[in-house]
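Visitor: Starting off with a structure, shown below.
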Amino acid sequence: MPAPARRVAPFGNTVFSEINALARQHNAVNLGQGMPDFDGPAAAIEAAVTALRSGANQYPPGPGIEALRQGVASHALRFYNLRVDPTDGVLVTPGATEAVFCAIMGLVDPGDEVIIIEPFFDSYAPGVLMAGAQPVYVPLHPPDWTFDPAELRAAFSARTRAVIVNTPHNPTGRVFTYAELALIADLCQEFDVTVISDEVYEHLVYDDARHIPIATLPGMFSRTVTIGSAGKTFGMTGWKVGWAYGPPELIGGVWRAHQFVTFATNHPAQHAVAHAFTLDGTYYEDYQDLYQRKRALLLEGLTAAGFKVTPPQGTYFVMADFSAIFSGNADTFARHMIENIGVACIPPGSFYSPEHRSLGDRYVRFAFCKNDDTLREAVRRLMKLLK
């Protein structure tokens, strides 16, 4: 009988599909998936309309239109003093998830090992497995979500080909310090390892936290592919525009995979994102302030409802400890929240390897990339937990 390939047999529906369907069924306020319920910059939307009406409706260049690749390179120079070749050092992709996948497929061989820091975005491990490589997991330990330096060092070996770094970190909201990144960098140079650095939340950092691209550390640009996202930087998740930048030698490998996965990225949306990169100097500060206020609104509500929460240093996610108000595990609590409280959240089990899943079993992830009215309604419903 015909059957799916063995490489995809272990993969079921994503937790996001399951939670979204359950939330719709029970009319729950959905704070699960990181999907804003409001639009990004109006000027970018107008640029997309202009592009549609100006003939940008056929295939664009496979690596991305020149204006967008220049925008990515100019952004890297402006914020991080990184000099990136816009022609050979930038690749535009249909979202950051595809950039991560193509980086794995283009830079990792079967039999290699790839270090994944967990909890992790749920596409990382399947990408490694489909490349025929072996994931090696290093956990972040709650409640501070820090890794053990000894556990990190023990994960590196002669078979290590790459490490996937995500900062600001989804789902925990941690922003890695210079010292943490330096330890990763030193080990990568010692073992000759490539870094795939997922930095899509680079402009969403709060309080005293500071985002530091690992590519800026001494000796690291030449071995790092950095990944960004218009969905996160400009709030347009539905456009599915991402990018990868780095040394041409590594970006060339990512491109070789990308050209046979999707070849090119939405053409009019590329023009819109290129325009977004030209927005005035206050855009990023205003964007950060917007989310700082939303973070405060949700944190106040979660605390009042009995959760234990540590304010996230970055992203638009909160990992909340529910152990004081519910005795079951995270999966059971997430279902209880949707069916009985009317608020959807994400249980983090699928963000872990089986051996470390228990580390997240008293936590759920909430997203605060929502209208204030949506967040207020969610907080109102959370008060049911007190009963």
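The values are calculated or read from the model by the stated rules, or taken from the named source; none is laboratory data. Keep in mind the model is a prediction, meaning the values are calculated, not measured. Quick reminder, even Gly has a Cβ in these numbers, built from the backbone with ideal geometry, and neighbours come from all protein chains shown.
Visitor: Report whether or not E249 is in the same structural domain as L91 (by TED's automatic domain parsing), surrounded by fewer than 21 Cβ atoms within 10 Å (Cβ to Cβ) and under 30 Å from E180 (Cβ atoms).
Guide: It is true that E249 is in the same structural domain as L91 (by TED's automatic domain parsing), surrounded by fewer than 21 Cβ atoms within 10 Å (Cβ to Cβ) and under 30 Å from E180 (Cβ atoms).
Visitor: While we're looking at this one, here's another question. Taking the stated definitions as given, is F79 within 30 Å of A21 (Cβ to Cβ), under 20 Å from the mean Cα position of the chain (by Cα) and hydrophobic (A, V, I, L, M, F, W, C)?
Guide: no
Visitor: Quick one: would you say M337 is within 18 Å of Y124 (Cβ to Cβ) and buried (at least 17 other Cβ atoms within 10 Å of the Cβ)?
Guide: In short, no.
Visitor: Tell me which residues, restricted to region 155-191, are touching a helix residue (DSSP H, G or I) at 6+ places or on another chain (Cβ under 7 Å) and either modelled with pLDDT under 95 or hydrophobic (A, V, I, L, M, F, W, C) (or both). Before the answer, list the steps.
Guide: Initially, region 155-191 is screened for residues touching a helix residue (DSSP H, G or I) at 6+ places or on another chain (Cβ under 7 Å), giving 156, 160, 162-165, 171, 181, 183-185, 187-188.
Passing the criteria: F156, A162, V163, I164, V165, L181, L183, I184, A185, L187, C188.
Visitor: When you look at D109, is it touching a helix residue (DSSP H, G or I) at 6+ places or on another chain (Cβ under 6 Å), surrounded by fewer than 23 Cβ atoms within 10 Å (Cβ to Cβ) and outside any strand (DSSP E or B), yes or no?
Guide: no
Visitor: Does region 45-70 hold any residues that are farther than 15 Å from H267 by Cβ and within 24 Å of the chain's Cα centre (by Cα), and which are they?
Guide: Kept after step one, since they are farther than 15 Å from H267 by Cβ, are these residues of region 45-70: 45-46, 70.
Selection gives I45, Q70.
Residue by residue, here is whether (1) on the phi > 0 side of the Ramachandran plot; (2) out of contact with any Asp or Glu (no Cβ under 7 Å at 6 or more places or on another chain); (3) without any contact (Cβ under 8 Å) to a residue 40 or more places away in the chain holds:
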residue: P248; (1), (2), (3): no, no, no
residue: A257; (1), (2), (3): no, yes, no
residue: F260; (1), (2), (3): no, yes, yes
residue: H267; (1), (2), (3): no, yes, no
residue: H275; (1), (2), (3): no, yes, no
residue: D286; (1), (2), (3): no, yes, yes
residue: Q292; (1), (2), (3): no, yes, no
residue: E300; (1), (2), (3): no, yes, no
residue: F307; (1), (2), (3): no, no, yes
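Visitor: Check off (1) surrounded by fewer than 23 Cβ atoms within 10 Å (Cβ to Cβ); (2) more than 18 Å from C369 (Cβ to Cβ); (3) aromatic (F, W, Y) for F322 and give me the number that stays unchecked.
Guide: With (1) surrounded by fewer than 23 Cβ atoms within 10 Å (Cβ to Cβ); (2) more than 18 Å from C369 (Cβ to Cβ); (3) aromatic (F, W, Y) applied to F322, the lone miss is (1).
Visitor: I'd like the full set of residues that are touching a residue at least 40 places away in the same chain (Cβ under 8 Å), part of a loop (DSSP other than H, G, I, E, B) and within 24 Å of the chain's Cα centre (by Cα), limited to region 323-368.
Guide: C345, P347, Y352, S353, R362, F368
Visitor: Does region 155-171 contain any residue that is in contact with a strand residue (DSSP E or B) (Cβ under 9 Å, 6 or more places away or on another chain), farther than 20 Å from V225 by Cα and in a helix (DSSP H, G or I)?
Guide: yes
Visitor: Looking at the structure I just gave you, is Q70 part of a loop (DSSP other than H, G, I, E, B) and among the polar types (S, T, N, Q)?
Guide: Spelling it out, it is not the case that Q70 is part of a loop (DSSP other than H, G, I, E, B) and among the polar types (S, T, N, Q).
Visitor: Please give the number of the condition T87 fails out of (1) free of Cβ contacts under 8 Å to residues at least 24 places away in the same chain; (2) among the β-branched types (V, I, T); (3) assigned to a helix (DSSP H, G or I).
Guide: Unmet condition: (3).
Visitor: Let me ask another. Listed residues S197, S222; which is over 20 Å from the mean Cα position of the chain (by Cα), modelled with pLDDT of 95 or more and of a type in the set (S, T, N, Q)?
Guide: Sole residue among the options that is over 20 Å from the mean Cα position of the chain (by Cα), modelled with pLDDT of 95 or more and of a type in the set (S, T, N, Q): S222.
Visitor: While we're on this one: Between K308, K370, which is of a type in the set (K, R), modelled with pLDDT of 95 or more and within 25 Å of M236 (Cα to Cα)?
Guide: K370
Visitor: Specify the residue that is surrounded by the most Cβ atoms within 10 Å (Cβ to Cβ); the eligible residues are those in region 11-31 that are under 23 Å from A96 (Cα atoms) and touching a Leu at 6+ places or on another chain (Cβ under 9 Å).
Guide: Among them, the one singled out is L31.
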